[in-house]
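One structure below.
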Amino acid sequence: MWWINLLIVVAVVWALAYWGGGAVAWASALFVGLLWLTVAASLSAWLLVPLWLVGGLLVVALGVPAVRSRWITGPLLKQFRRVMPPMSDTEREALEAGTVWWDAQLFSGRPDWSKLLATPKPSLTDEERAFLDWPVEELCRLADDWRITHQDRDLPAEAWDYIKAQRFFGMIIPKRYGGLGFSPYAHSQVVMKLASRSVTAAVTVMVPNSLGPGELLHRYGTQAQKDYYLPRLAAGEEIPCFALTGPNAGSDAGAIPDHGEVCYGDWQGEQVLGVRLNWDKRYITLGPVATLIGLAFKLYDPDHLLGDQVERGVTLALVPRDTPGVRIGDRHVPLDIPFQNGPNQGQDVFVPLSQLIGGEQYIGQGWRMLVECLAEGRGVSLPALSVGAGKTASRFTGAYAAVRKQFGTRIGDFEGVQESLARIAGLTYQMDAARELTLAALGLGERPSVVSAIVKYHLTEKYRQVINDAMDVQGGSGICLGPSNLIGRAYQAIPIAITVEGANILTRSMIIFGQGAIRCHPWVLREFAAAQDPVPERALQAFDRALFGHIGFIFRNLARSLFLGLTRGRLALAPVKGPSRRYFQRMAWMSAAFAVCADAAMITLGGALKRKERLSARLGDVLSELYLMSAVLKRFEDDGRPEADLPLLRWACDRSLYCMQESLSLLLANLPSRPLAWVLRLFVFPSGRPYTEISDRLSASAARLLLRPSEARDRLTRGIYAPLDETTRQGQLEAGFVLSSEVAPIEKTLRQARRAGVIDGQTRVELAHSACQAGLISAEERDAVARMDALRSGIVAVDSFADYGRRVLLDTDNAKPSAYAIN
């Protein structure tokens, strides 16, 4: 029957598309189909002959390279060159910098899960673990955050000295140069622990180990530069900063007005060839106390002393603080988080060519050098700071919610509070998983620029959400600053993390998908490269291969998206069994749907997609959630699938799936071509939109993990500063938290006895004393209730200051660099 034949044809076409059949497979299928029609079907010659002719023409047109290039690829290459978006030098260098990694698998529409799960989990060496247990712990003790932020407005002298003595500034510098030679994971663990104690201490330590002269010298410096500067940086003899941002060039680094001209000048009493620099920079962390300034500028050679080219491009230099013409400005005050930060300027500052990072070999390559180092810095520093804040909120705001009572009930049992606690726990789990997966890539030598942009944007945004939720839960105790407030300064620092190392608005709307679409797509970069090839024959051959590979890629993902959408991923291959299996299958569907939408947007909008920032942002959101969900699934598998962590796994994955669904829906609702959007909706959501916001039951389960002592809570919050000494706020909260679980059954007994009229009293202590006299509880249980009551009173208390106004007036004049920090 005809419909059976039609089903067979559809099934064959779908199978070829779904599994990515090549040209030979398609041609063979066409031949077999025509042969079958000729032999088995009752078709007249008038119909069969045209079918064979059309089939033959298709095989020749698409299968013979010379014919295909002449009539199909050539005209399409000309059209592609017309619509190809213009690309600045800085954009090109950014695209070429770094590497692609798991992000390319997600972009493929068919991720190879075995590659994800085979990635080694990052771990610490014995030396790195000892450093965290002793020097980092001691620095946390020295970094009294209230004294730093309210009184000294700087790290105390003993903390500065300790940082230098223990070589905190040399964590990433190899041991042969006197550094610690730590892995990216150890670097991240140090920053995370410090951030859970003091943002100021964390920023002070992390900047020299991320985007600073140390990393640039290690990667690109000449041997003479490494031999001289790296030991001095590791020992703290030099304090580094890097000057990139200026008043007229922030995110648009290509517009740097700071410049240098090649000329002869005096350096240490000799006339040498060098560069005369002029610059105006601001927002430079460690700038006020730096002794060595890394500088980004545009180099010009008007007298052709280096060659025929006048404009040499963005270049990087090392400028000692005491070089004539250097001016260090006063300090900025970044939202009362007093890490050293301020402007600096240079007027006619002369340095020899030997002070250019990498020497003459790296002239004009500064932007690529910066982007590659930024990829690593953004993947380590800010994610660590964000996770430190999340873990602090999870452990101590959770403890507060377990101890604090209102209406006779602990506030953590109210559903409204549980919604916030669930977000704190779920987002912290997701953030930490993404941090560890990114660090695993860095540990393998990858420099994933797209992934680093994803974690920078999303982890700092989740940091904002988590601390806002913690503020809501803690109420007045969150907004009253003082030694007892563990989240107030983290709240103040949120906009700093959002802004630095690439403002979040631009990172989301322009970088994540804008860079990912070209770097991570298996064919687009090849098409761009072919279109820019000046050799016509080679360009045509390369474009032909890329174009038809791209066409096959599109058909494969259309088939996969439709099929997986109809089955909601149920027949997708999953690498594991158990509770995470269905999440892998659903991710396979979302990956195929994302690939279809990304190609549709790029093909129909072309260069205009670059200006459709909100469409680009939504595509970037889907790519980001795919990465975050991958990290969560890997974290769960790496931890051995602990059953206690299932609420966190499900909360994070359900949230990612819902976010992906809504981002794709908004993308389709706003595509300029409405017919295209309607067709895409059929392929992306053929069975409707199945995902909803997180259920109340799951939210309550996730929240309860923060309200009682457990291994799951310890796993979630491991790695932060959490002293048990009850004279510290952290120790006080932990003691109250642990004891609250122990006395909960006793307090239940007291409530029941009071309602029965067996005991009387106005306070819990009086009720416990009465119950003990009545023989309902033991003396030890009575004492536990009294201790819990005292702990609870201390925990709910907030700081107050009789001399607050006078102290602020006196301290305002002291917001200057400290002399001991410039030694």
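The values are calculated or read from the model by the stated rules, or taken from the named source; none is laboratory data. Just so we're clear, the structure is a prediction, and the values are computed from it rather than from any experiment. Glycine gets a Cβ as well: all are built from the backbone with ideal geometry, and neighbour counts include every protein chain shown. Side chains included, ligands, DNA and RNA excluded: accessible areas come from the protein's heavy atoms. Shrake-Rupley method; radii C 1.70, N 1.55, O 1.52, S 1.80 Å.
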Next on the checklist: Place a point 7 Å from the Cα of Asp760 along the Cα-to-Cβ direction; which residues of region 766-797 have their backbone N under 18 Å from it?
Outcome noted: 766-776
Item to check | Signed unit charges on C-beta, dipole axis of the chain, positive-most listed residue Leu244, Ala255, Ala598 | outcome: Ala598
Item to check | Added length on full extension, which subtracts the Cα-Cα distance from 0.36 nm per residue, Ala644 to Asp227 | outcome: 145.0 nm
Item to check | Entries of Lys164/Lys193; Lys281/Lys612; Lys115/Lys577; Lys121/Lys193; Lys193/Lys405; Lys78/Lys610 with Cα pairs more than 23 Å apart | outcome: Lys281/Lys612; Lys193/Lys405
Next on the checklist: Could you report the accessible area of Lys115 in Å², rounded to 10, computed with a 1.4 Å probe on the protein chains as they sit in the structure?
Outcome noted: 120 Å²
Checklist entry - How big is the charge dipole of the chain about its Cα centre, in debye rounded to the nearest 20, if each Lys and Arg gets +1 on its Cβ and each Asp and Glu gets -1 on its Cβ? => result 3100 debye
Next on the checklist: Let me check something: with ligands and nucleic acids excluded, how do Ser108, Ser624 order by accessible area (1.4 Å probe), largest to smallest?
Outcome noted: Ser108, Ser624
Checklist entry - What nm value, rounded to one decimal, do you get for the distance between Leu444 and Leu76 when each label is placed 7 Å out toward the C-beta? => result 3.2 nm
Next on the checklist: Along the Cα→Cβ direction, 7 angstrom out, place labels at Glu237 and Asn670. What is the inter-label distance in nm?
Outcome noted: 5.5 nm
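Which order do Cys480, Cys241 take when ranked by solvent-accessible area (1.4 Å probe, heavy atoms of all protein chains), largest first?
Cys480, Cys241
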Item to check | Solvent-accessible surface (1.4 angstrom probe) belonging to Thr392, in square angstrom, nearest 10 | outcome: 10 Å²
Next on the checklist: Using 0.36 nm times the number of residues separating Phe801 and Glu158, minus their current alpha carbon distance, what extension gain do you get?
Outcome noted: 228.9 nm
Checklist entry - Given R₀ = 25 Å, FRET efficiency for Arg751-Asp696 by Cβ-Cβ distance, to 0.05? => result 0.45
Checklist entry - Simple spin-label model, 7 Å along Cα-to-Cβ: Val333 to Ala608 in nm? => result 4.9 nm
Checklist entry - Leaving out ligands, DNA and RNA but keeping every protein chain, what accessible area does Arg570 have, in Å² rounded to the nearest 10, with a 1.4 Å probe? => result 140 Å²
Next on the checklist: Among 184-192, 700-708, how do they line up by average Cβ neighbours within 10 Å per residue, starting with the highest?
Outcome noted: 184-192, 700-708
Checklist entry - Shape of the chain from its Cα gyration tensor (a ≥ b ≥ c, root eigenvalues): rounded if a/c is under 1.5, otherwise prolate when a/b > b/c, or oblate? => result oblate
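For the peptides 278-284, 665-671, what is the packing order when you average, over each peptide's residues, the other Cβ atoms within 10 Å and list the highest mean first?
Ranked by mean Cβ neighbours within 10 Å, highest first: 278-284, 665-671.
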Checklist outcome for this item: Ordering Phe636, Phe182 by the accessible surface of their heavy atoms, 1.4 Å probe, largest first, yields Phe182, Phe636
Next on the checklist: Taking the Cα of Gln465, stepping 7 Å toward and past its beta carbon, and measuring to each backbone N in region 485-499: which are under 20 Å?
Outcome noted: 490-499
Checklist entry - Which FRET efficiency value, to the nearest 0.05, do you get for Leu305 and Asn248 by plugging their Cβ-Cβ distance into 1/(1 + (r/R0)^6) with R0 = 35 Å? => result 0.80
Checklist entry - When the dipole is taken about the Cα centre of region 569-673, and only Lys, Arg (+1) and Asp, Glu (-1) are charged at their Cβ, what size is it in debye, to the nearest 20? => result 220 debye
